[in-house]
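To start, the structure itself, in structure tokens.
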Amino acid sequence: MPAAVASPLTTAGSRNPLPRASRDAAWVRWTLTAVALVFLAFFLALPLAAVFAEGLRRGVAAYFASFRDTDALAAIRLTLLTAAIAVPANAVFGVAAAWAIAKFPFRGKSLLITLIDLPFAVSPVIAGLVYVLIFGANGWFGSWLIDHDVRIIFAVPGIIIATTFVTFPFVARELIPLMQAQGNDEEYAAATLGASGWQTFWRVTLPNIKWGLLYGIILCNARAMGEFGAVSVVSGHIRGETDTLPLHVEILYNEYNFVGSFAVASLLTLLALVTLVLKTIVEWRHAASRSAST
Amino acid sequence: MTLPDELRNEEPSKLSVQGVSKRFRSRGHLVQALDNVSLEVGEGEFVCLVGPSGCGKTTLLNIIGGLEHADSGQVLADGQPITSPGRDRMMMFQESALFPWLDVRGNLLFGLKLKPGLRRKERLEIADFYLRLVGLERFRKAHVHELSGGMKQRVALARCLAPNPRVLLMDEPFAALDALTREQLYGDLQHIWQERKKTIIFVTHNVREAACLGDRVILFSPNPGRIREEFKVGLPRPRDINTVELARYSTSITAALKGHAVGEPREVAE
Ligand SMILES: Nc1ncnc2c1ncn2[C@@H]1O[C@H](COP(=O)(O)OP(=O)(O)OP(=O)(O)O)[C@@H](O)[C@H]1O
Ligand SMILES: [Mg+2]
């Protein structure tokens, strides 16, 4: 551990002595730090605290009662279902796309990379509207879908499709640079050692990218559970049926049910905090394993 | 198969590269990486390939390893055409290409687990045998990131040897190491090659290294990639890289190399 190695030149009172110029400018450092802290407090800590404070305003009992409401439970279930489908789908897609892009030459590669970024570039509301245009009652496939009694828009499938679209860059974007940097040597080594294509993928490629993959999945999941815009357009806001957690927060708020609204919002806030912690742990492991392999 | 059988060295292969050509398309134009290259390598011979960057040395190694296919021509190993990677031909790279999520012995076991007919206990003994051969038996539980560059290449060599191949294909395996470590590995590699006779094709940019290690040194020239000349090195083994005789060989090879390396990159018409 480099941090544990004390330089023989440092004395007890002055560990890490800074160059003189930066010591003189100590007040600059303090000011900048203070500004950053105030900023953080105002834009992050305060709203976070407000969410919990509002949710708990009528006491703990009222707070927990908010979650026993059947509509709230339905929203939680739908959000979990959506993430349970969108996240694995995007993980598989992301690994496949990154693998193809990083390891094989083919025509249209840069087009594919650009397309992967599309959901980042386009407003989620537009993404939702596109699906309404395609699958809605007056859309391209609308009459066919009605004839065959398939509901996509204003129903659960639409929510899942819109969420998948909005979240599909996360895993691929994380993995493409990682896999490009890794090159093919380890796969080649595995092949000469007698591994088949599948064995190479499962025993070499996947272990090599596991931390990057996990990182992408965590971010993807956070967005999948929190997505508002695209889902709002395709959902139709049918309580107990097509309401996800973020939509339910809005509905309760518009009905002046502030305790319920903020209680449900606090769930999403907790999700964000858990995501941040996981993300930090994975980032740390990821960095450790990367420096290990060089 | 019993353990003593398994540890008995496989007979080295005879390789025959016959009129191999290979082109690549890169950014719209064609590069003739190999142009009608033919080469015979005898059983247990140590051959070094030298040539400027881009003359197709890695490509040739990949084709012999079965990782790439020739556009025309073929490579025979003991008379059999090579079409895919095989346990009889192991490859070593400039970067060790070790698996960092496995420990040292785990890296050796990776290939042994893929080899049918071995029991767990035998695999462990085989792994230990080769770790002893490269002098790293004490590090069997070490993680890859705890090893120095030279140790990593030793593990990579042990990993290549463990499945008991007939051929070793080595692509600039020592290029990323410091001079002292490299010199030590020249000695070790020659010693290991005496113990476990393999047919070795060794790619390098370092002429002196080639003269030190090779029975023969083959000179390549680029655009298109062709064999230009070859030198037999008749010095007794084990060879020390710092001798005057060796310097004499490397001087004449370097002179030949400079003579061929000139010339603008040439593209080939489709
Ligand atoms: N996968 C590939 N796609 C396109 N071009 C390639 C590919 N592999 C090799 N080439 C080209 O073929 C030529 C020979 O490459 P190769 O890697 O075999 O050279 P080399 O002799 O090993 O060079 P170096 O000494 O730099 O390792 C080069 O011009 C290279 O750009
Ligand atoms: Mg090369």
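Computed values, structure above
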quantity: Centre separation in Å (Cα based) which lies between region B:109-182 and region A:244-294; calculated: 45
quantity: Filter on B:Lys22/B:Lys258; A:Lys109/B:Lys22; A:Lys103/B:Lys197; A:Lys210/B:Lys152; B:Lys57/B:Lys232; B:Lys152/B:Lys197 - keep pairs with C-alpha separation over 30 Å; calculated: A:Lys103/B:Lys197
quantity: With 10 Å bins from 0: P(r) over chain B, alpha-carbon pairs, percent; calculated: 7, 29, 34, 22, 7, 1
quantity: Alpha carbon convex hull of region A:59-293, projected area averaged over orientations, nm²; calculated: 16.0
quantity: Extension gain (nm, one decimal) between A:Leu32 and A:Asp117, 0.36 nm per residue minus Cα-Cα; calculated: 27.1 nm
quantity: Considering only the protein assembly as shown, percent of DSSP beta bridges that pair antiparallel, nearest 5; calculated: 55
quantity: DSSP H segments from chain A that extend 24 Å or more along their own axis, Cα-based, with Kyte-Doolittle mean of -0.5 or above; calculated: A:70-103, A:206-226, A:258-292
quantity: Burial ordering of B:Asp215, A:Asp149, fewest other beta-carbon atoms within 10 Å first; calculated: A:Asp149, B:Asp215
quantity: Anchor B:Lys198: lysines whose Cα lies under 18 Å away (excluding residues fewer than 8 positions away in-chain); calculated: B:Lys14
quantity: Within a Gaussian network of chain A (alpha carbon springs, distance under 10 Å), most fluctuating of A:Ala36, A:Ala84, A:Ala172; calculated: A:Ala36
quantity: Folded to 0 to 90 degrees: helix B:179-195 orientation relative to chain B principal axis, Cα; calculated: 70
quantity: Helix axis angle, B:104-113 relative to chain B longest principal axis, alpha carbon, degrees; calculated: 80
quantity: For region A:20-129, radius of gyration divided by Kirkwood radius, i.e. Rg to Rh on alpha-carbons; calculated: 1.19
quantity: Sparsely packed chymotrypsin sites (Phe, Trp or Tyr not before Pro) within region A:131-201, loop by DSSP, other Cβ within 10 Å at most 11; calculated: A:Trp140
quantity: Exposure proxy ranking, count of Cβ atoms within 10 Å, fewest first, for A:Met179, B:Met170; calculated: A:Met179, B:Met170
quantity: Helix B:149-161 vs. chain B, principal-axis angle (Cα, 0 to 90°, nearest 10); calculated: 80
quantity: Hydrodynamic radius of the protein assembly as shown per Kirkwood, over alpha carbon pairs, in Å; calculated: 28.6
quantity: For A:182-190, mean number of other protein chain Cβ atoms within 10 Å; calculated: 6
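A short reminder: the numbers here are calculations on the coordinates, not readings from a lab. Predicted, not measured: the structure shown is a model, and the values here were computed from it. Glycine gets a Cβ as well: all are built from the backbone with ideal geometry, and neighbour counts include every protein chain shown.
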